[in-house]
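Down below is the structure, laid out as structure tokens.
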Amino acid sequence: MSPEPHPGITLRTATPEDAIVCGPICYNAFSTINRTHGFLPDFAGPEATTGVLSMMFSHPGFYCVVAEAGGRIVGSNCLDERSIIAGVGPITVDPAGQNRGAGRRLMQAVLDRARERGAPGVRLVQAAFHNRSLSLYAGLGFEVREPLSCMQGRTLQRLVPGCSVRLARPSDIDPCAVLARQVHGFARGRELADAVQNGTAIVVERDNRITGYASALAFFGHATAETNTDLQALIASVDSFEGPGILVPSRNSALLQWCLGNGLRVVQPMTLMSTGLYNHPVGAWLPSVTF
């Protein structure tokens, strides 16, 4: 995209090389706001955020932009375009360069991109304690859809009777897409294909058929299942969750209570928001931190 003028701020398409600068900015932005509100940082260090953004900035399924002021990068944002519904984030602005409109411009850039590509809906997840981001997203037309509990730990129950969990194979992508359409109204096949290739995707089988899957049991992974039982089998199959944890819809009381009863702890509250098309899920599910 061409740089667009704004008081002191220009935007351009991100390049893979920008991750070296944007990674530390992303870490500093998230860790600063988290610590201000008494929460641990979402990421272990700048290397982790640099790795995430390096993948997004170089992946053809993501549209990423950076904001510059005074000739230096002050923030970035990404749009996951791997399904018909687009997901936003992570959006971050250097704490030293905030209150200059960069965050709004970065958000507007990805929303314009989604509109140009005809995405019927756009979603994101925000930290529920962050009043300013809630105000920004609501002001841009996003609606609150689901309170989430970010949870971490290792379940006491390690197996769910009647369910078997295994690594996903390429041949599982189509049946998982069918399941996703049943639960959400759309599939996330390209994202699942990436996860299968990376070796993080798993499926649960019950009665000799796939009844649930997870692209990863992680902050950046999502899961979809027919029932809570299937989702519990997926959650119980891993020793830990990558990143801060998995995102459990808090209104799914049965699942939330099962997680708590099995020793998982709530790390922080979060909120799923969307603009445009939104189908209330019919089944069990975990969103990723993008949606």
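The values are calculated or read from the model by the stated rules, or taken from the named source; none is laboratory data. Treat the numbers as computed from the prediction; the structure is a model and nothing was measured. Note: ideal-geometry Cβ built from the backbone for every residue, glycine included; neighbour counts use all protein chains shown. Quick note on the areas: whole protein, heavy atoms, side chains included, nothing else; ligands and nucleic acids left out. Shrake-Rupley method; radii C 1.70, N 1.55, O 1.52, S 1.80 Å.
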Open item on the list: If I ask for residues that are surrounded by 20 or more Cβ atoms within 10 Å (Cβ to Cβ) and over 30 Å from residue 45 (Cβ atoms), which ones from segment 253-274 would you list?
Closed with: 255, 258, 274
Task: For residue 147: the one exception among (1) touching a residue at least 60 places away in the same chain (Cβ under 8 Å); (2) under 16 Å from the mean Cα position of the chain (by Cα); (3) open to solvent by less than 50 Å² (accessible area, probe 1.4 Å) - done: (3)
TODO: Tally the residues that are touching a strand residue (DSSP E or B) at 6+ places or on another chain (Cβ under 6 Å) and part of a helix (DSSP H, G or I), restricting the search to segment 26-40.
DONE: 2
Task: Given (1) modelled with pLDDT of 95 or more; (2) surrounded by 19 or more Cβ atoms within 10 Å (Cβ to Cβ), number of the condition residue 290 does not satisfy - done: (1)
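In segment 177-288, which strands (runs of 3 or more DSSP E) lie fully inside it and hold 3 or more residues that are farther than 20 Å from residue 81 by Cα? Walk me through how you get there before you give the answer.
Values: elements: 202-206, 209-214, 223-225, 246-249, 265-276, 284-286.
In segment 177-288, 202-206, 209-214, 246-249, 265-276 are the strands (runs of 3 or more DSSP E) which contain 3 or more residues that are farther than 20 Å from residue 81 by Cα.
Suppose we filter 186, 129 for residues that are touching a residue at least 12 places away in the same chain (Cβ under 8 Å), over 20 Å from residue 246 (Cβ atoms) and aromatic (Phe, Trp, Tyr); which single one remains? Working first, answer last.
Working: 129 fails: over 20 Å from residue 246 (Cβ atoms).
Sole residue among the options that is touching a residue at least 12 places away in the same chain (Cβ under 8 Å), over 20 Å from residue 246 (Cβ atoms) and aromatic (Phe, Trp, Tyr): 186.
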TODO: Could you tell me whether residue 100 is over 19 Å from the mean Cα position of the chain (by Cα) and assigned to a loop (DSSP other than H, G, I, E, B)?
DONE: yes
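Where residues in segment 93-132 are in contact with a helix residue (DSSP H, G or I) (Cβ under 8 Å, 6 or more places away or on another chain) and within 19 Å of residue 31 (Cβ to Cβ), which of them is surrounded by the most Cβ atoms within 10 Å (Cβ to Cβ)?
To start, the set of residues in segment 93-132 that are in contact with a helix residue (DSSP H, G or I) (Cβ under 8 Å, 6 or more places away or on another chain) comprises 93-95, 103-104, 107, 122, 124, 126-128, 130.
So of that shortlist, the ones also within 19 Å of residue 31 (Cβ to Cβ) come out as 93-95, 103, 126-128, 130.
Details: 93: 25, 94: 22, 95: 14, 103: 22, 126: 23, 127: 20, 128: 19, 130: 19.
Among those residues, the one meeting the criterion is 93.
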